Amino acid sequence: MTKKQKFPHLLGSKWTAQHKVEGWRHFEVVNRKNEGRWVFAEIVSSCDPTVRFWINARQLKNRTLWQAGWQPLSSFREEPSES
C-alpha cells in the first residue's frame with residue numbers, strides 16, 4: 001500500500017502573503033521537496049521571478065501568514081509607511 005502524499009496539490013498553487021515578503025505579496029509554488037517527514041515548497045514572486053525562497057509547506061496553512069490564491073490588495077489593511 002502506498003503512502004498518501006502530503007500536500008498533493010502544492011505545485012502550481014498560488015498564495016498571497018499577509019505581509020510583504022521582499023516587497024511582494026503574490027507568489028506561486030514552482031517546486032517541492034520532501035525531506036523525511038517534512039515537505040518544503042519553493043515559492044516565487046509572481047511579479048519578480050528573482051524573488052524566490054524555500055518554505056516549510058505547513059506554514060502555508062497558517063492564515064496569519066498566507067492566504068490561498070491571489071487575493072486583491074484591497075482586502076489587506078494598509079501598512080504604516082516608513083517616514
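The values are calculated or read from the model by the stated rules, or taken from the named source; none is laboratory data. As the structure is a prediction and not an experimental result, all values here were calculated from the model. Glycine gets a Cβ as well: all are built from the backbone with ideal geometry, and neighbour counts include every protein chain shown. Accessible surface areas use protein heavy atoms only, side chains included; no ligands, DNA or RNA. Shrake-Rupley method; radii C 1.70, N 1.55, O 1.52, S 1.80 Å.
Details
- Taking residues in region 34-60 that are farther than 14 Å from K14 by Cα, and partners anywhere that are open to solvent by 40 Å² or more (accessible area, probe 1.4 Å) and basic (K, R), the pairs with Cβ atoms closer than 7 Å and at least 6 places apart or on different chains are V39/K6; V39/R32; F40/R32; F40/K33.
- Check on Q5, modelled with pLDDT under 95, open to solvent by less than 100 Å² (accessible area, probe 1.4 Å), in contact with a strand residue (DSSP E or B) (Cβ under 6 Å, 6 or more places away or on another chain) and not aliphatic (A, V, I, L, M): no
- Checking I43 against (1) buried (at least 17 other Cβ atoms within 10 Å of the Cβ); (2) at pLDDT below 95; (3) among the β-branched types (V, I, T), the condition it does not meet: (2)
- Residue match in region 30-39 (condition: surrounded by 15 or more Cβ atoms within 10 Å (Cβ to Cβ) and in a loop (DSSP other than H, G, I, E, B)): no
- For region 9-16, the count of residues that are closer than 14 Å to G69 by Cα, open to solvent by less than 90 Å² (accessible area, probe 1.4 Å), in contact with a His (Cβ under 6 Å, 6 or more places away or on another chain) and not in a strand (DSSP E or B) is zero.
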